[in-house]
1. Among the listed residues Phe110, Phe86, Phe105, identify the single one that is more than 16 Å from the chain's Cα centre (by Cα), farther than 19 Å from Asp188 by Cβ and surrounded by fewer than 20 Cβ atoms within 10 Å (Cβ to Cβ).
2. Could you tell me whether Leu49 is without any contact (Cβ under 8 Å) to a residue 60 or more places away in the chain, among the aliphatic types (A, V, I, L, M), under 30 Å from Arg183 (Cβ atoms) and in contact with a Ser or Thr (Cβ under 8 Å, 6 or more places away or on another chain)?
3. State all residues of the range 76-89 that are farther than 21 Å from Leu26 by Cα and modelled with pLDDT of 90 or more; if no residue qualifies, say none.
4. Is there a residue being surrounded by fewer than 20 Cβ atoms within 10 Å (Cβ to Cβ), on the phi < 0 side of the Ramachandran plot, basic (Lys, Arg) and touching a Cys at 6+ places or on another chain (Cβ under 8 Å) anywhere in the range 24-37?
5. Does Leu49 satisfy being modelled with pLDDT of 90 or more, closer than 27 Å to Lys115 by Cβ and either touching a strand residue (DSSP E or B) at 6+ places or on another chain (Cβ under 6 Å) or surrounded by fewer than 20 Cβ atoms within 10 Å (Cβ to Cβ) (or both)?
6. Only residues that are among the hydrophobic types (A, V, I, L, M, F, W, C), part of a loop (DSSP other than H, G, I, E, B) and at pLDDT 95 or above: list them for the range 186-209, please.
7. Restricting to the range 210-219, what's the tally of residues that are surrounded by fewer than 21 Cβ atoms within 10 Å (Cβ to Cβ) and either in contact (Cβ under 8 Å) with a residue 40 or more places away in the chain or in a strand (DSSP E or B) (or both)?
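The values are calculated or read from the model by the stated rules, or taken from the named source; none is laboratory data. Keep in mind that this is a model prediction, so the values were computed, not measured. So basically every Cβ, Gly included, is an ideal-geometry build from the backbone, and we count neighbours across all protein chains shown.
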Amino acid sequence: MSDCEACVVRNRAICSALLPDELAILSKLGRKQHVSRGQTLVWEGDEALVVANVISGVLKLSVSTADGREQIVGVVFPSDFIGRPFGKESSYSVTALTDAHVCIFTRAAFDGFAKEHPDLQHKLLQRTLDELDRARQWMMLLGRKTASERVATLLLEISNRMGSTSCTQILPFLDEFELPLDRQQMGDVLGLTIETVSRQLTKLKEANMISLPDRRSVVIKDRHRLQDLALAA
């Protein structure tokens with residue numbers, strides 16, 4: 001695995017809670033792995049054999065409905081932690097939306113290390129509570145916000161979560177980025193049809209809040225108005 005000191009997410013990932021000597025021990029337990037776009041790293045219902053820190057790229061968490069359809073239940077970004085420590089079975093699949101790199105550990109090795117390092121366990125708990133807060137906010141989004149407010153919220157979420165670019169410089173957000181989700185996937189996340197997502201993006205473009213140079217690219221032109229829209233509910 002690459003030197004942890006050079007890791008672009010070391011100041012934001014759960015391992016930031018560790019001292020240098022502890023980090024050196026953890027680094028020997030893991031390895032850096034490339035995950036190609038469309039590749040599934042963890043399968044829903046399988047034994048939870050691995051956990052990982054996301055170094056770069058974006059991945060989706062998804063579950064299958066009884067009739068075989070996929071439902072996206074979350075999106076993870078650089079510095080996020082994936083997998084279930086101290087668990088036996090994965091409750092969702094993890095699939096790369098873009099080419100990604102992860103720092104991956106066997107669950108058994110990570111669990112053993114975490115039990116001996118309370119600071120890491122505290123960081124895991126903090127991450128879990130943050131994810132719970134985010135899930136509650138998303139429930140409010142799906143239950144109370146209009147289609148335009150949902151799309152604005154998702155664009156800002158992607159902009160904010162993809163903002164940090166290095167271990168020494170943290171940008172609060174990006175004004176120009178590539179969408180990791182296609183229109184159908186955006187609809188799946190937001191509880192909207194693909195047609196509604198496309199219409200709302202066009203409305204935001206016509207209102208001069210964003211521009212859409214191509215199918216995947218987004219440029220936020222008026223962040224304040226977009227934020228006001230997202231917070232309207």
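1. That would be Phe86, the only listed residue that is more than 16 Å from the chain's Cα centre (by Cα), farther than 19 Å from Asp188 by Cβ and surrounded by fewer than 20 Cβ atoms within 10 Å (Cβ to Cβ).
2. no
3. Val76, Phe77 - these are the residues of the range 76-89 that are farther than 21 Å from Leu26 by Cα and modelled with pLDDT of 90 or more.
4. yes
5. When the stated conditions are applied, Leu49 passes them.
6. Ala207, Met209
7. So the count comes out to 3.
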